[in-house]
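Notes for the one structure printed next.
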Amino acid sequence: MPSRRRFLAASAAATIAPWMPGRALARTPVLRIAAARQQLVGAAHPATDVWAYEGRVPGPELRFKQGERLRVEVQNALEAETTVHWHGIRLPNAMDGVPHLTQEPIAARGGRFTYEFDLPDAGTYWYHPHLGSPEQVGRGLYGALIVEEREPPQVDRDVVWVLSDWRLDREARIVPDFMNFMDASHAGRIGNTVTVNGAIREKFAVRAGERIRLRLINASNARIYRLRFENHEPQLIAFDGQPVAPAAAGRVVLGPAQRADIILDCRNTAGTRHRVIDDFYEQRAYRLLDLAYANEGPLRTAFPPAPRLPSNPAPVANLAAAERHQIVFGGGMMGNMPGGMTGGERRMIWTVNGKATAEHDHGHAPLLTFSRGRSYVLELVNDTAWHHPIHLHGHVFQALGGRQAGTSGDTVLIDPRTRAEIAFVADNPGDWMLHCHVLEHQASGMMATVRVA
Ligand code: C2O
Ligand code: CU
């Protein structure tokens, strides 16, 4: 198995302190955005200049209970404007964090914005900027947003792995070639260094007999993961935050922005090690880390069945009454790139129904207008030679076809030259983004607005 370019084994794994704004706090909790330095690749190499929420990558793990209200003041100390988008949350449109569409950008060098909204659905979500995303996410701006069930299932540990990748040079500096034409017109910016919770990890320590709820978040600009847990049989219990009937997860495929909750039962013996392998790009498979069993007796020897999570209150589409639309995603290398993509600063490469939309074009006429309360089925056609994880804001949809058929969520990964169908109730008023979550594709045309009125 060819192994990933590994600068050095990270030894002492930095732990992420939970950041739990108490309900009784008088002051609004602050999420400060600034440049920072972080040891991504091990102590023998220099630290990397990153952009970070609260000084670290990933940003603080925000944990709430279902039904609670999130309130946070974002303070932007960057030299760039930004916004924060709360990926997958069904929230009021004005809190969605889309620049020029739902809010003005949060100004560079001192801008502030307070986000406040209820958290209707339990699950694994995340937050990230929605402005200049290829660079802002590529430099480290993202964090987990966990909404716990009112009665969470019994597990020994509830752990988040934020998966991301970086394009680093030999001095562990970020290569600043964001939005180069090669990346934008092909698979997006795929890095050369994969981190789990902000560092290369040699191992993840477990104990024999332990039951772990592992929440996987793909926060990469463009990389797709396919994780295999050697000698383990993880059970999938939720996808994109939404519960599924527990079933063998097999290889866990996660496109950019997608999440999976798995139950990892540690059935091997004390002192053993087992690889977690990512082989989505088969010629470039690598070992993500080892599950390292402590030299302790087992916590238990028999495991109950994986828990079934209570369903969320997100509405389910009425397929018989649904109105249908087709949306075609086009463009890219080896495809029908729109004219005018060569030269110039704002190259448009990708299209939605034949039209390329730039980030600064927000406020353009919506692609579709939905009647509030009505059910819709969208047939999403990938007419390109590339993968596209297509994300709809403000709603939870049911995936009817494609590789995610049978699950609900907010992002659907569509393989080259295939199609998927999503169904949802357009119950959340406002203008919402529908876009590819390969951030370089999004920023070079593959996005649109849909209106719920
Ligand atoms: Cu996670 Cu419009 O994005
Ligand atoms: Cu795409």
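The values are calculated or read from the model by the stated rules, or taken from the named source; none is laboratory data. Note that the structure is predicted; figures quoted are calculated from it, not measured. Ideal geometry is used to build each Cβ from the backbone, glycine not excepted, and the neighbour counts take in all protein chains shown. Protein only, heavy atoms only, side chains kept; ligands, DNA and RNA dropped before computing areas. Shrake-Rupley method; radii C 1.70, N 1.55, O 1.52, S 1.80 Å.
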Residue under question is Val396, and the condition is that it be within 22 Å of Ser220 (Cα to Cα) and away from ligand 2 (no atom under 16 Å from the Cβ); does it hold?
yes
Residues located in the range 410-453, provided they are among the charged types (D, E, K, R) and either touching a Pro at 6+ places or on another chain (Cβ under 8 Å) or on the phi < 0 side of the Ramachandran plot (or both):
Asp410, Asp415, Arg419, Glu421, Asp427, Asp431, Glu440, Arg451
Given (1) more than 22 Å from Phe239 (Cβ to Cβ); (2) out of contact with any Leu (no Cβ under 8 Å at 6 or more places or on another chain); (3) within 14 Å of ligand 1 (Cβ to nearest atom), index of the condition Ala107 fails
(3)
How many residues does the range 262-300 hold that are open to solvent by 20 Å² or more (accessible area, probe 1.4 Å) and of a type in the set (Val, Ile, Thr)?
2
Please enumerate the residues belonging to the range 101-139 that are hydrophobic (A, V, I, L, M, F, W, C), closer than 25 Å to Arg372 by Cβ and either in a strand (DSSP E or B) or within 16 Å of ligand 2 (Cβ to nearest atom) (or both).
Phe117
Looking only at the range 415-453, and only at residues there that are open to solvent by 20 Å² or more (accessible area, probe 1.4 Å) and acidic (Asp, Glu), the one that is nearest to ligand 2 (Cβ to nearest atom):
Asp415
State whether the residues of the range 107-116 include one that is buried (at least 17 other Cβ atoms within 10 Å of the Cβ), more than 22 Å from the chain's Cα centre (by Cα) and over 25 Å from Ala448 (Cα atoms).
yes
Does the range 220-241 contain at least one residue that is touching a strand residue (DSSP E or B) at 6+ places or on another chain (Cβ under 7 Å), buried (at least 22 other Cβ atoms within 10 Å of the Cβ) and free of Cβ contacts under 8 Å to residues at least 40 places away in the same chain?
yes
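Please indicate, with yes or no, whether at least one residue in the range 348-359 is loosely packed, with under 13 Cβ neighbours inside 10 Å and either modelled with pLDDT under 90 or among the charged types (D, E, K, R) (or both).
Checked against the condition, which is being loosely packed, with under 13 Cβ neighbours inside 10 Å and either modelled with pLDDT under 90 or among the charged types (D, E, K, R) (or both), the range 348-359 yields no hits at all.
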